[in-house]
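Below: the structure, in structure tokens.
Bear in mind that the values in this text are calculations on the coordinates, not laboratory data. Just so we're clear, the structure is a prediction, and the values are computed from it rather than from any experiment. Positions of Cβ are generated from backbone atoms using ideal geometry, with glycine treated the same way; all protein chains shown enter the neighbour counts.
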Amino acid sequence: MLIDHNIFNKFFYIYNAINLDNYPIRDNVQENNIICFVGSITPAKGFHVLAKQWPKIKKKIPDAKLYVIGSGNLYDRNQRLGKFSIAESTYEKTFINYLTDRNGAISSDVKFFGVLDNNLKIEVMNKAKVGVVNPTARGETFCISAIEFEALDIPVVSRKKWTFKRISIKGRNILIGDNVILEGGVKINSKGYKIRIGDNTFINSDVLIRPNTFIGQNVSVGQQVLFLSDTHIIGTGQRRAGESIFPKISIGDGCWIGARVTVLGGVTIGEGTVISAGSVVNKNCKSNSLYAGVPPKFIKKI
């Protein structure tokens, strides 16, 4: 977990971050019907909610398996555990009957791994078809484990409550100013080029920011805007999309970029300009002006 990175000074919503290089995505689709729970086995983390549903899950998916990573003493190593050494005795009794066979032993389709080191934890998580974290959403909506499942490209289940904002920032040379708000689904990828987002800028949900994009201060960006600097040098007839290039995109201070606008590489939008929703911007736009359309047409000075 990256807890000493400067990006934490910019975070407004989420304080969990990971190094994606440590989470290999499996090439093959998960064939085993494995559900993997990760977390402290305490009432606050809601493992009992999943346990009570396990008989219903088995009825619908007979070959389902449950992998559990964690323990009742994950955060308190002095905690006395119950008969099965899973959780505190009283809490353990609230769910254990849902996970045992007729002989009172843990069912063969349920496996408790306890507390694992990070590499083993990732190895076990990567076998799952579905991840489960914090079904009650008490105390927090998900946790670092949810981000880890997402990094492994494994669907993760939690309670639909509070907030779960997926923000992806990949690459170096990315500078984000003070008081910047990134809503859920924002994806930023520098591919080694510079990306700049100025102070007090608001980026709404599901925005894509590609390499060599410069967004000024006090800019408002609507939902599902695409800053697409990517293009190609025209190649031979065998492959017309040749070498990738990333012409610079520049958005001036104070601009308002409407929802579902696409801004292509090589475009400069002057400060204080408004781009109407749905426009495709393939040419420069003057400052303090209103533009709309595909391609954008000058409407008026503002």
Checklist entry - Pairs of lysine in the range 168-301 with Cα under 24 Å and at least 8 positions apart or on different chains: total? => result 20
Next on the checklist: If a paramagnetic tag sat 7 Å from the Cα of A44 along the Cα-Cβ line, which residues of the range 61-97 would have the backbone N under 11 Å from that point?
Outcome noted: 75-76
Checklist entry - What relative contact order, as a whole-number percentage, does the chain give when Cα pairs under 8 Å and 6 or more residues apart are counted? => result 10 percent
Item to check | In Hz, Karplus ³J(HN,Hα) per residue of the range 235-247 (6.51, -1.76, 1.60; θ = phi - 60°; x = Gly, Pro) | outcome: x, 6, x, 6, 7, 5, 7, x, 4, 6, 9, 9, x
Checklist outcome for this item: Sorted by chain and number, the residues with a modelled amide H under 5 Å from that of I245, at a separation of 5 or more or across chains, are T231, H232, I233
Next on the checklist: I'd like to compare 83-92, 247-256: which one has the highest average count of other Cβ atoms within 10 Å, and what's the full order after that?
Outcome noted: 247-256, 83-92
Item to check | Inter-probe distance in nm under a simple model that places probes 7 Å from Cα toward Cβ, at I61 and I122 | outcome: 2.4 nm
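Checking the a/c ratio against 1.5 first, then a/b against b/c, what shape does the Cα gyration tensor give for the range 13-157? Kindly include the intermediate steps, with their values, before the conclusion.
Working: a/c = 1.76, a/b = 1.23, b/c = 1.44.
Oblate, since a/c reaches 1.5 and b/c is not below a/b.
Please work out whether the range 168-301 counts as rounded, prolate or oblate from its C-alpha gyration tensor, where a ≥ b ≥ c are the square roots of the eigenvalues and a/c under 1.5 means rounded, while otherwise a/b larger than b/c means prolate and anything else oblate?
On the way: a/c = 1.86, a/b = 1.18, b/c = 1.58.
Oblate is the answer for the range 168-301, as a/c is 1.5 or above yet b/c matches or exceeds a/b.
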Next on the checklist: Computed from the coordinates I sent, semi-axes √(5λ) of the Cα gyration tensor in Å equals one of (i) 48, 21, 17; (ii) 36, 23, 19; (iii) 34, 23, 17. Tell me the label.
Outcome noted: (i)
Checklist entry - So in the chain, what percent of DSSP beta bridges are antiparallel if you round to the nearest 5? => result 15 percent
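Between T231 and A277, what FRET efficiency comes out of the Förster formula 1/(1 + (r/R0)^6) with R0 = 25 Å and r the beta carbon distance, rounded to 0.05? Can you show the working numbers first?
Working: r = 24 Å, r/R0 = 0.94.
E(calc), rounded to 0.05, equals 0.60.
Among DSSP bridges having both ends in the range 196-302, what percentage is antiparallel? Round to the nearest 5.
On the way: 7 of 30 bridges.
The antiparallel fraction comes to roughly 25 percent.
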Checklist outcome for this item: Check: C-alpha center the range 72-100 vs C-alpha center the range 253-302, spacing in Å is 59 Å
